[in-house]
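Taking it in order: structure first as structure tokens, then the write-up.
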Number of protein chains: 2
Amino acid sequence: MSWLDDVKWDANGLVPAIAQEVATGDVLMLAFMNREALARTAESGQAVYFSRSRQKLWHKGEESGHVQQVHDIRLDCDNDVVLLKVTQLGHEPGIACHTGRHSCFFQRYEQGAWQPVDPVLKDPETIYR
Amino acid sequence: MSWLDDVKWDANGLVPAIAQEVATGDVLMLAFMNREALARTAESGQAVYFSRSRQKLWHKGEESGHVQQVHDIRLDCDNDVVLLKVTQLGHEPGIACHTGRHSCFFQRYEQGAWQPVDPVLKDPETIYR
């Protein structure tokens, strides 16, 4: 599959992948993909990442139900970063973060400290089954 | 500076940093930051990255004039990815990519291949001085 060979995988066989919500433009998260994760994402139309902590494929939403429907897959100019345009399913508004927040980027730099500024939409205890 | 200690720098002392255009929501690029790059970005209000190829600080726009004005600095839930909300200065519409395009993510996956789908706004030969 030459399109997979076009990607510049790093020393660990991974590339960073950004998930952006298509309707709002919000950047939801960044995770990593290996070759198989990107192939499965393209095939299935749902985001599949590679979990570095668990060292295995991670079908986003497999435990939480918070699946990401993929509309568009982009590659950057250096062929080493992927951008997914997604709809974050399973909750309205979408919950991409394991803390129960919309986006993983909920900590804002303010006067020398990181402040959590976005609300928890759902108790994470009730998300993971 | 404890806020810099809160960041989980990787084995090379880096974290990925996403630049998102504040007015449009467009994801412009992903680059890396070391501790000094993030500190200078916060101090100066302009994006400073760390160039892995040149192994030195990279004040975005230092050659092209395409500086990024930073409005918001976010950190993700794992403390290992930064998101900048920026205004891409120096051209209208903004040019973040060294190819003269608006965004670095101009290659779209289409039927088993990466297709360049976004226009070159300015000849890169005329950008770098």
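The values are calculated or read from the model by the stated rules, or taken from the named source; none is laboratory data. Only a predicted model underlies this, so the values are computations on that prediction, with no experimental measurement involved. Please note: Cβ atoms are built from the backbone with ideal geometry, for glycine as well, and neighbour counts cover all protein chains shown. SASA here: full protein model, heavy atoms, side chains in, ligands and nucleic acids out. Shrake-Rupley method; radii C 1.70, N 1.55, O 1.52, S 1.80 Å.
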Computed over the range A:43-129: relative contact order in percent, which uses C-alpha pairs under 8 Å that are six or more apart: 19 percent
Among beta bridges that DSSP assigns inside the protein assembly as shown, antiparallel share in %, nearest 5: 85 percent
Separation in nanometres of the label points that stand 7 Å from Cα toward Cβ, at B:ARG35 and B:LYS56: 2.1 nm
Summed buried accessible surface, chains A and B, 1.4 Å probe, nearest 100 Å²: 3200 Å²
Dipole axis of the range B:1-53 (+1 Lys, Arg; -1 Asp, Glu on Cβ), positive-most option in B:LEU28, B:SER44, B:ALA11: B:ALA11
Radius of gyration and Dmax over the Cα atoms of the range A:1-66, both given in Å: 12.1, 34
Percent carbon-and-sulfur accessible area, the protein assembly as shown, ignoring ligands, DNA and RNA, probe 1.4 Å: 46 percent
Qualifying lysines (Cα of each under 27 Å from Cα of A:LYS60; at least 8 residues distant if same chain): A:LYS8, A:LYS85, A:LYS122, B:LYS8, B:LYS85
Coil-residue trypsin sites (Lys or Arg not before Pro) of the range B:2-87, DSSP, other Cβ within 10 Å capped at 10: B:ARG54
Chain B, accessible area per residue, ligands and nucleic acids excluded (1.4 Å, Å²): 47 Å²
Distances in nm from A:ARG52 to the matching label points in the other copies, shortest first (labels 7 Å along Cα to Cβ): 1.0
0 to 90° range, to nearest 10: angle between helix A:35-44 axis and chain A longest Cα axis: 80 degrees
Between the range A:37-89 and the range B:51-101, the alpha-carbon center distance in angstrom: 24 Å
Stokes-Einstein D (µm²/s) once Rh is taken as the Kirkwood radius of the protein assembly as shown over alpha-carbon pairs, at 25 °C in 0.890 mPa s: 131 µm²/s
Listed residues B:GLU62, B:GLU110, B:GLU36, most fluctuating in chain B (Gaussian network, C-alpha, under 10 Å): B:GLU110
Peptides A:117-127, A:95-105 ordered by average Cβ neighbours within 10 Å, highest first: A:95-105, A:117-127
Cα-based shape type of chain B, given that a ≥ b ≥ c are square roots of the gyration tensor eigenvalues and the cut on a/c is 1.5: prolate
